[in-house]
Structure formats: C-alpha cells, structure tokens
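S.K.: Just dropping this structure here.
Please treat every number below as a calculation from the coordinates, not as lab data. Keep in mind the model is a prediction, meaning the values are calculated, not measured. Counting neighbours? That spans all protein chains shown, and the Cβs are built from the backbone with ideal geometry, glycine included.
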Amino acid sequence: MDNNNAEKDRINFLNQAEDLLQHNMFSEALRLAEERIARLPLDVDARIIAGNVFIDMGRVDEARDVLRKVEEIISGLSLIYVRMGDIYGKKGFYRDAVICYQKYISLNPTSDKAEEVIGKVALLEQEEPLITDMDPTDNENAPKPEFYTVTLADLYIQQGHFKMAAEVLEKILEKEPENILAKVKLDTVTTAIALKSSINGDIIQSDNLAKTLSSWLENINRLKKHAAEK
C-alpha cells in the first residue's frame, strides 16, 4: 500500500470509528479497531480507538491493558538501540554506541535491562569521553538537549556512575539554568564524586555511597513533589 492509499485507508478508518463512537456502537467500534490491529499491529490510531471504547464502556482495566501492550511493543522495538550500540562499540564507534544506549534507557528507564545498558555506557566511558567532550558539529546524530533528563541522571546515580550523572545534570542546566532540582542534584553528585575519590577503591564503601546518595535524592524528589502540590 503506497503512502496515498495508506492515508486514505487511515482517514476512512477514523471516520468509521468516530461515527460508531458517536452512536454508542462500542462493540462495533472495538471490532473495527481489533480488525485493523490484526492487519496493522503497530497502528496507533486503532489502539487509541480501542482504548477509547474501553473507557467509554467503563472497562478501565482493559484500557490500561491497551497501554501496557503498547509499552511492551515499544520495549521490544527499542532493543534495536541496544543491538546497534553493541555493534557500534565493537567497531570502535563509541560515541554512536552511547547515543544508542542512552536512547534505550530513555525509553525504558524502569526496566531491568536499563541497568545492564548503563553498565555498557560506563565501560564505554573508560574508552573515550562520551558526553562532556562531544561536539554536536562532529556528529549530526549527537544527543539532542531534551535527551538529557533527571531520570537518566538518577539511573546513573543508582548504578554509582556519579561522573556520568554529573555530565547529564550539567547539560540539563545549560538548557534550564533555573532548574533547582538539577542544581541540587548536581551539587550532591559533585560532593559524592569527591567522597568517592577519597574511598581509595573500597568497593563496599562505594556501594554504600551509591545507595545512600540514591536514597537522599529520592527524598529530594519527594520534597519537590510535595512542595509543588501545595
């Protein structure tokens, strides 16, 4: 199906679905969406219609299942970033590798795989500075400013990679100088880096430092959220 026919097919589907929803013909709208999903498993519109139907019918848990399935699809597809990162790394293209790994982490921040991928980034950091010294003019695929997030910094902190967390937080502050949370975390991480340097390679103490720092920053997040809700 060429692009023009695909768009016509999409518009036709949406018009039919909207008409069915307006007439409260939920079963028919759901069947229409499921038929399209069977034909086009990655179709966004069909999954939105299915979720809409479930919500209108009061079947909230099934609406949540629609989102969970989407998350599973995204997680599965995003593994390409890990595989490509591995390939780049083996060929010595370390900057490209870390870009792929960080994109995976940003899409799957709470997954167990994310922790493994962070370890890969840490190993590459030993090969070449990957963030601080990266010049966007050297690589058009360099990470975009919005790619550096507090969540990514938190993941690095949880894994004990304080230098990498600091670099991410610095990038955030370049874009958002008034980001108080990023400032506090950067100050905290900078202190942790100094403390870690004084540990002289004591792995146990280093692990304890990572856990303590993660706990501390979680408390900061909670306080920030609480203040915003007042």
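S.K.: Over the range 9-58, calculate the relative contact order: mean separation of alpha carbon pairs under 8 Å at least 6 apart, over the residue count, as a percent.
M.R.: Contact order relative to length: 34 percent.
S.K.: Further question: From the C-alpha coordinates alone, can you work out the Kirkwood hydrodynamic radius of the range 2-53, in Å?
M.R.: 10.9 Å
S.K.: To continue, here is another question. Rank these for me by crowding, Met57, Met164, going from fewest to most other beta carbons within 10 Å.
M.R.: By the 10 Å Cβ count, ascending, the order reads Met57, Met164.
S.K.: Please arrange Ser75, Ser27 by how many other C-beta atoms lie within 10 Å of their C-beta, fewest to most.
M.R.: Ordered from fewest to most neighbouring Cβ atoms within 10 Å, Ser75, Ser27 come out as Ser27, Ser75.
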